[in-house]
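Report on the structure given below.
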Amino acid sequence: MRLLGVVVGIVLLLGLVGCDWGAPAAPTPAVQATVGPTATSAQVVDAVDVPSPTPGPGEPSGGVGDGSEDVPPTFAVPQQTPVSFAVGHPRLWLTADDVTRLRSWATGSNQLWSEGLARLAAGAKAAMDDGRVPAQDGGTDGYEEYPVEMYSELFAFMSLVSPDAAERDDYAKRARTLLMYALNEAAKGPEAGQAFRDPEFYAGDSDRARWHGEGWALTVDWIYPSLTAEDKATIRKVFLRWSKEIVERGYHHPEPVGMVNDPFLTSNIQQVRWAANNYFSANMRNLGLMAMALDPADDPEGELGRYLGNATGASLYIADELYRTDARGGLAPEGFEYTPQAVGYVAQLLLALHTAGQDDPGLWGPQVQLSGNPFWKEILPVYFHTLSPATVANPDLGQVYQPGWYGDGQRFWAPDFIEVFGPLGIFSKLLGDQAQADAMRWVETNTPPGLQAGLLERVGGAENFRDSILYFMLMEPKPLPPDPHVGQPLTYYAPGLGHIYARTGWGADATWFGYTLGWNTVDHQHADGNNFHFYRNGEWLTKETTGYDTSTSNYHNTLALENDPPEHNDPSDYRHDEWLQGSQWILDPTADGKIVAHSFGDKYVYALGDATGLYNSSYEGANDITQATRSIVWLEPDYVVVYDRAASKTENMFKRFWLQLPGPPSISGNRATVSTEKGQQLFLTSLAPEQATLSSAEIEAPQNGEIADEEPMKYNLKIEAAGNPRETRFLTVLQGADAGASASSVEAIQSSSGTAFSGVAVGKQVVMFPVVMGSSFAGLEFSAPGDSSRVLITGLAKGSSYDVEVRKEGGKVHVKVAAGSKSQVDEGGVLVVDVP
């Protein structure tokens with residue numbers, strides 16, 4: 001049988017991981033929650049057979065956490081005791097005390113009010129007065145220029161914070177009119193194609209529900225005294241249907257339906273990863289807000305309120321696991337295009353749980369407390385690291401940052417993160433963490449498009465009114481704090497997605513390096529394993545080509561390796577194109593990519609990554625690649641050395657190295673040179689494979705994709721191994737230089753005895769890589785140019801130590817390394833040898 005509205009009551013974990021967000025606040029007295037006792041065997045009212053999850057299209061099978069082992073045959077359902085809310089509004093995102101404080105900010109001296117929110121509200125009133133709202137809302141589940149719930153949410157908020165009592169009353173009436181206009185239609189029942197009644201209006205993958213879905217519940221909460229008993233009955237009827245649809249048909253909704261706070265929900269790794277999706281998190285937010293909107297007297301038997309158990313015990317339970325594991329480090333899997341939404345919706349629900357007094361882990365589980373998950377403390381530091389050192393002028397927006405992008409992207413500039421940092425900053429303030437709240441204020445003033453100069457326009461001219469509300473709630477009218485970059489480390493590692501960032505400083509003239517290798521099994525991710533970027537003096541020297549559905553590996557700085565044809569190989573199928581390009585597989589690779597080792601050393605950054613599993617797809621029957629590993633070293637500030645190992649089972653499979661460039665390169669032999677708009681230079685030298693061919697072409701969008709607006713990469717460079725060998729190595733050196741500067745000498749180096757190593761001497765430094773990844777070490781000898789001053793030997797076992805002999809003879813530096821105890825490798829397995 002279907003099980004809906006199951007109350008959480010089976011959580012035994014009451015303690016939380018310590019965190020400097022401050023101690024959890026007690027539930028707001030006006031909205032104390034009461035639930036029934038934890039279910040015991042005597043309280044079980046039903047049991048449901050639980051099928052073993054089986055992978056579907058796009059879901060890898062096997063591996064840890066796939067749900068294929070130790071599946072419980074049944075699960076117990078706790079007694080369905082109603083959730084009880086004491087009467088008191090508002091309680092979602094703000095309380096009565098907050099209203100008093102926010103109303104004091106609504107003064108003419110506060111430009112965020114007078115030229116921001118008040119200006120926005122005046123325009124919204126005009127739209128309603130001249131009949132555009134609600135008449136021009138078609139009630140569809142897609143884009144509408146005048147969505148009634150967005151307007152009603154703004155009017156409802158203004159009914160709380162406007163300083164004039166008559167205006168507050170007028171705003172409340174406007175909000176009620178729009179709210180009930182739509183809900184009275186929805187209450188007639190589902191009917192395809194009818195305004196506000198289509199079965200897809202609020203569930204599944206409704207764009208409207210994710211863009212504006214919070215507006216229904218927030219309006220109800222914020223104008224509660226203005227609603228009649230009949231209104232509340234109608235609201236409840238609609239909210240119950242929408243909640244049922246979300247639980248049963250929401251995009252990648254938790255399954256089995258009705259199970260809450262059970263580890264089985266997170267036993268399938270794909271179920272966890274799909275919690276990153278923006279539709280998933282929007283459904284979770286909307287479900288939770290609706291469950292908390294009505295008072296007990298208006299929700300007979302607590303039927304609507306019980307859906308809070310589904311929102312927190314199923315959806316949030318899974319999302320919390322994702323943010324602790326495969327998104328650890330503060331980066332969301334769907335990338336910059338969707339992070340403000342996907343992560344923002346979760347933060348908005350967590351804020352509402354807190355203000356409604358429902359963030360009690362004893363009732364709902366530890367996932368309801370934002371302070372218990374380190375992800376929420378990591379998101380701001382990693383945000384700093386993903387922003388370009390300098391800004392550029394945008395013809396429509398003013399100055400914008402260009403981030404270290406990943407995933408789908410329609411516009412190449414850093415989006416506004418107010419949907420994330422707004423609720424997080426408000427939350428910080430409520431918890432007494434003023435420093436964190438101030439940091440969010442600084443960020444939202446100085447980093448979105450337009451920077452500080454565009455702040456008032458972002459509030460007063462917002463396309464989504466929710467953003468303006470969050471801005472007003474966050475931006476306490478007082479001087480900004482100092483720049484929070486000060487004191488931040490210059491390096492960052494996000495283990496969940498496998499991203500590394502490093503820079504020479506926080507100034508606009510900094511050089512910046514980034515590298516990524518992780519998993520790739522949900523929407524909007526790209527085949528970008530082993531991609532890297534290199535930025536210098538305010539310009540990109542190389543990065544991925546950002547775009548929407550520019551997902552294949554040839555649009556990224558990585559390898560393309562030919563594989564077997566996929567089972568889905570129709571020319572119109574995206575997998576056909578992946579195969580033609582020798583791309584890593586999106587959605588269904590055989591295994592995740594993995595950063596095997598990394599280290600942040602003195603003037604260098606090193607990473608070793610294994611992307612082999614990304615190039616194979618058991619699901620598609622394409623499993624010819626036996627090795628795809630990359631060792632990469634950034635020698636601060638101007639050199640990047642890349643060593644790739646590529647191998648397939650079959651001969652005559654192409655193997656290519658791709659690099660994206662800001663301009664057309666000049667190619668001469670194994671050297672390519674490109675100049676930037678400002679005259680900087682990028683020199684590339686290909687040292688392996690021998691007889692490789694270098695070629696370049698202008699970047700073109702894929703057949704069903706598009707290049708992002710303002711994307712600076714215009715050309716690509718392809719290095720192809722001659723003869724399509726079964727196995728090869730690519731050794732590539734990049735150098736950034738000022739206009740007019742000459743390229744440094746570059747010399748390939750091979751070991752003369754012991755374990756096979758290959759490397760390069762560049763800029764008086766030497767970098768050596770093991771030819772075979774993971775090979776046992778049997779000593780090493782090699783010779784380098786006589787002016788070499790430092791040697792980096794990579795790929796050694798972490799924790800190992802060696803004896804090193806260095807001598808100069810015959811105009812060369814001779815290095816001999818043997819097992820010993822005198823010299824210790826760093827945390828990534830790099831041995832640094834200074835040449836005397």
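Filter the stretch 617-634 down to the residues that are out of contact with any Asp or Glu (no Cβ under 6 Å at 6 or more places or on another chain) and surrounded by fewer than 24 Cβ atoms within 10 Å (Cβ to Cβ) and list them by number.
In the first step, residues of the stretch 617-634 are kept if they are out of contact with any Asp or Glu (no Cβ under 6 Å at 6 or more places or on another chain); the result is 618, 623, 625-628, 631-634.
Ser618, Asn623, Thr626, Gln627, listed by residue number.
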Looking at the stretch 434-445 only, could you name the residues that are buried (at least 17 other Cβ atoms within 10 Å of the Cβ) and not aromatic (Phe, Trp, Tyr)? Gln436, Ala437, Asp438, Ala439, Met440, Arg441, Val443, Glu444, Thr445
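Restricting to the stretch 396-427, what's the tally of residues that are assigned to a strand (DSSP E or B), open to solvent by 10 Å² or more (accessible area, probe 1.4 Å) and farther than 22 Å from Tyr493 by Cα?
Number satisfying all stated conditions: 3.
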Selected residue (criterion: nearest to Thr95 (Cα to Cα)) from residues of the stretch 205-223 that are among the small types (Gly, Ala, Ser) and either touching a Leu at 6+ places or on another chain (Cβ under 9 Å) or open to solvent by 10 Å² or more (accessible area, probe 1.4 Å) (or both): Ala217
So which of Ala393, Ala352 is at pLDDT 95 or above, open to solvent by 10 Å² or more (accessible area, probe 1.4 Å) and either on the phi > 0 side of the Ramachandran plot or of a type in the set (Gly, Ala, Ser) (or both)? Ala393
Subset of the stretch 358-390 [at pLDDT 95 or above, open to solvent by 20 Å² or more (accessible area, probe 1.4 Å) and not in a helix (DSSP H, G or I)]: Pro374
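If you take the residues in the stretch 96-113 that are under 21 Å from Leu456 (Cβ atoms) and either among the β-branched types (Val, Ile, Thr) or within 34 Å of the chain's Cα centre (by Cα) (or both), which one is most open to solvent (accessible area, probe 1.4 Å)?
Filtering the stretch 96-113 down to residues under 21 Å from Leu456 (Cβ atoms) leaves 102-113.
Among the residues that remain, those that are also either among the β-branched types (Val, Ile, Thr) or within 34 Å of the chain's Cα centre (by Cα) (or both) are: 102, 105, 107, 110-113.
Values: Leu102: 3, Trp105: 22, Thr107: 54, Asn110: 17, Gln111: 96, Leu112: 13, Trp113: 23 Å².
Within the stretch 96-113, the match that is most open to solvent (accessible area, probe 1.4 Å) is Gln111.
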Residue list for the stretch 702-719, restricted to those being surrounded by fewer than 18 Cβ atoms within 10 Å (Cβ to Cβ) and either in contact with a Cys (Cβ under 9 Å, 6 or more places away or on another chain) or closer than 17 Å to Phe654 by Cα (or both): Lys718
Where the second residue is hydrophobic (A, V, I, L, M, F, W, C) and surrounded by fewer than 17 Cβ atoms within 10 Å (Cβ to Cβ) and the first is within 17 Å of Gly250 (Cα to Cα) and lies in the stretch 191-202, which pairs have Cβ atoms under 7 Å and are six or more apart or on separate chains? Asp198/Ala192; Pro199/Ala192
Taking the criterion of being surrounded by fewer than 22 Cβ atoms within 10 Å (Cβ to Cβ) and closer than 25 Å to Glu727 by Cα, would at least one residue in the stretch 797-817 satisfy it? yes
Any idea which of Val238, Val220 is among the β-branched types (Val, Ile, Thr) and within 19 Å of Leu349 (Cβ to Cβ)? Val220
Every residue from the stretch 471-496 that is closer than 17 Å to Tyr606 by Cα and over 22 Å from the mean Cα position of the chain (by Cα): none
Could you look through the stretch 763-796, keep only residues that are modelled with pLDDT under 95 and of a type in the set (Ser, Thr, Tyr), and pick out the one that is least open to solvent (accessible area, probe 1.4 Å)? Ser775
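Taking only the stretch 578-619 into account, find how many residues are among the hydrophobic types (A, V, I, L, M, F, W, C), closer than 24 Å to Ile719 by Cβ and either free of Cβ contacts under 8 Å to residues at least 40 places away in the same chain or assigned to a strand (DSSP E or B) (or both).
Pass one, the stretch 578-619, residues among the hydrophobic types (A, V, I, L, M, F, W, C): 579-580, 585-587, 591, 595-597, 600, 605, 607-608, 611, 614.
Of the ones still in play, those that are also closer than 24 Å to Ile719 by Cβ are 579-580, 585-586, 595-596, 605, 607-608, 611, 614.
From the residues that got through so far, the ones that are either free of Cβ contacts under 8 Å to residues at least 40 places away in the same chain or assigned to a strand (DSSP E or B) (or both) too are 580, 595-596, 605, 607-608.
Total satisfying the criteria: 6.
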Among the candidates Leu431, Leu474, Leu480, which residue alone is at pLDDT below 95 and closer than 30 Å to Ser152 by Cβ? Leu431
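Hand me the list of strands (runs of 3 or more DSSP E) wholly inside the stretch 660-718 holding 1 or more residues that are among the acidic types (Asp, Glu) and within 30 Å of the chain's Cα centre (by Cα). Can you show your working first?
Details: elements: 666-668, 671-675, 681-688, 693-698.
Here the list reads 693-698.
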With the structure loaded, tell me whether Pro296 is modelled with pLDDT under 95, farther than 19 Å from Glu334 by Cβ and open to solvent by 20 Å² or more (accessible area, probe 1.4 Å) or whether it fails that test. yes
Which residue pairs have Cβ atoms under 6 Å apart, sit 6 or more places apart or on different chains, and have a first residue in the stretch 92-118 that is under 22 Å from Glu214 (Cα atoms) and a second that is polar (S, T, N, Q) and open to solvent by 20 Å² or more (accessible area, probe 1.4 Å)? Thr95/Thr28
Could you grab me the full set of residues in the stretch 318-332 that are under 20 Å from Glu255 (Cβ atoms), touching a Leu at 6+ places or on another chain (Cβ under 8 Å) and not in a helix (DSSP H, G or I)? Asp326
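The values are calculated or read from the model by the stated rules, or taken from the named source; none is laboratory data. For clarity, every value in this text was computed on a predicted model and none was experimentally measured. Here the Cβ is made from the backbone with ideal geometry for all residues, glycine too, and neighbour counts use every protein chain on show. With ligands, DNA and RNA removed, areas are computed over all heavy atoms of the protein, side chains included. Shrake-Rupley method; radii C 1.70, N 1.55, O 1.52, S 1.80 Å.
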